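The values are calculated or read from the model by the stated rules, or taken from the named source; none is laboratory data. Just so it is clear, the structure is predicted and the values come from calculations on it, not from any experiment. Please note: Cβ atoms are built from the backbone with ideal geometry, for glycine as well, and neighbour counts cover all protein chains shown.
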Amino acid sequence: MENRLQIAAGNWKMNKTYSEGIELVKELIERTKEGRAMVILGVPFIHLKGVADLIASADSTGGQTSSIKLAAQNCHYEEKGAFTGEISVDMLLSVGTEYVILGHSERREHFKESNEILSKKVEHAISKGIAPIFCCGESLRIRKAKIHVDFVSNQLNEGLFHLSKEAFSKVVIAYEPIWAIGTGETATPEQAQSMHKEIRTLIERKYGKDVAQNTSILYGGSVKPDNAKDLFSQPDVDGGLVGGASLNADDFVAIINSF
Ligand code: PEP
């Protein structure tokens, strides 16, 4: 029997000043105390320490442990050194970061992150104890050409499947069709389920049934309060990676409560 975490992960991207972000997290902590799902907040680097402190103080004073975990939106694959503007995994760990979003299509496109670079980032993060939320997904052109399964399979092969079984078991996958990100166009629950099932099958072939059944696979691409329930109720959809709708407490709380 599978033992998968249900996860609502937010990706703030390059949004929110420090004080706006802190206000949002205070509200989320207050309104997610009873939640069944794990909530992960992918915040800009400047927010990490402040958000970690808020979560810690909620845990020590609230009498109930917050289900909110902290994610960064990037990391470097080298330990440290002359990489101006970059951030190391040790730096992320030093402020309590537990997850890192890697392979987002915006980083692949705007910052030319290849599967090869991502494979190094994933390996380095896991070796230090940070779990990757590894994004994959096809463009509209690829989907129209009906080669989306092969395309995503290649992203997993080149970006993830070099990992040992033990290392892979730390990974969360986010299937994010590029044509659905920030466009208001969502994959149908059937389209999401179909790709998630393909992904789980690929994992099973590589790492076996247990690992496949225990890997959380999130859907990302215009998840909103009015479509989250249908998406999350698909058997292989274990939650969502949410961009725009994670910037607003009412919307994100409604999504969290959709499980
Ligand atoms: C994302 O940023 O990963 C994302 C899916 O964005 P949105 O929910 O806005 O489509």
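Identify, from the list Glu116, Glu138, the residue that is surrounded by fewer than 23 Cβ atoms within 10 Å (Cβ to Cβ) and either within 14 Å of the ligand (Cβ to nearest atom) or farther than 19 Å from Ala72 by Cα (or both).
On the way: Glu138 fails: surrounded by fewer than 23 Cβ atoms within 10 Å (Cβ to Cβ).
Criteria check complete, one pass: Glu116.
Across region 209-257, which residue is nearest to Val39 (Cα to Cα) among those that are touching a helix residue (DSSP H, G or I) at 6+ places or on another chain (Cβ under 7 Å) and among the charged types (D, E, K, R)?
Ranking the qualifying residues of region 209-257, first place goes to Asp251.
Taking region 27-51, which residues are among the small types (Gly, Ala, Ser) and either farther than 18 Å from Met91 by Cβ or crowded, with 18+ Cβ neighbours inside 10 Å (or both)?
Answer for region 27-51, where residues must be among the small types (Gly, Ala, Ser) and either farther than 18 Å from Met91 by Cβ or crowded, with 18+ Cβ neighbours inside 10 Å (or both): Gly35, Ala37, Gly42.
Tally up the residues in region 79-113 that are crowded, with 19+ Cβ neighbours inside 10 Å and hydrophobic (A, V, I, L, M, F, W, C), please.
Total satisfying the criteria: 5.
For region 217-231, how many residues are touching a residue at least 40 places away in the same chain (Cβ under 8 Å), in contact with an Asp or Glu (Cβ under 8 Å, 6 or more places away or on another chain) and more than 11 Å from the ligand (Cβ to nearest atom)?
1
For the structure I just gave you, tell me whether Glu106 is within 16 Å of the ligand (Cβ to nearest atom), touching a residue at least 60 places away in the same chain (Cβ under 8 Å) and among the acidic types (Asp, Glu).
Numbers: within 16 Å of the ligand (Cβ to nearest atom): yes; touching a residue at least 60 places away in the same chain (Cβ under 8 Å): yes; among the acidic types (Asp, Glu): yes.
It is true that Glu106 is within 16 Å of the ligand (Cβ to nearest atom), touching a residue at least 60 places away in the same chain (Cβ under 8 Å) and among the acidic types (Asp, Glu).
On the basis of being at pLDDT 95 or above, more than 15 Å from the ligand (Cβ to nearest atom) and within 19 Å of Gly240 (Cβ to Cβ), does Ser194 make the cut?
So Ser194 fits the description; yes.
Please work out which one of (1) away from the ligand (no atom under 16 Å from the Cβ); (2) surrounded by fewer than 19 Cβ atoms within 10 Å (Cβ to Cβ) is the condition Asn15 fails and give its number.
(1)
Pairs please, first residue from region 160-172 and free of Cβ contacts under 8 Å to residues at least 24 places away in the same chain, second anywhere and in a loop (DSSP other than H, G, I, E, B), Cβ atoms under 6 Å, 6+ apart in sequence or on different chains.
Short answer, once both residue conditions are applied: none.
How many residues, within region 232-253, are more than 11 Å from the ligand (Cβ to nearest atom) and of a type in the set (A, V, I, L, M, F, W, C)?
Residues in region 232-253 being more than 11 Å from the ligand (Cβ to nearest atom) and of a type in the set (A, V, I, L, M, F, W, C): 4 in total.
Could you list, in sequence order, the residues of region 70-117 that are farther than 20 Å from Phe161 by Cα and aliphatic (A, V, I, L, M)?
Passing the criteria: Leu70, Ala71, Ala72, Ala82, Ile87, Val89, Met91, Leu92, Leu93, Val95.
Working only within region 141-181, note down all residues that are farther than 20 Å from Glu204 by Cα, more than 14 Å from the ligand (Cβ to nearest atom), among the hydrophobic types (A, V, I, L, M, F, W, C) and part of a loop (DSSP other than H, G, I, E, B).
Within region 141-181, Ala145, Ile147 meet the criteria.
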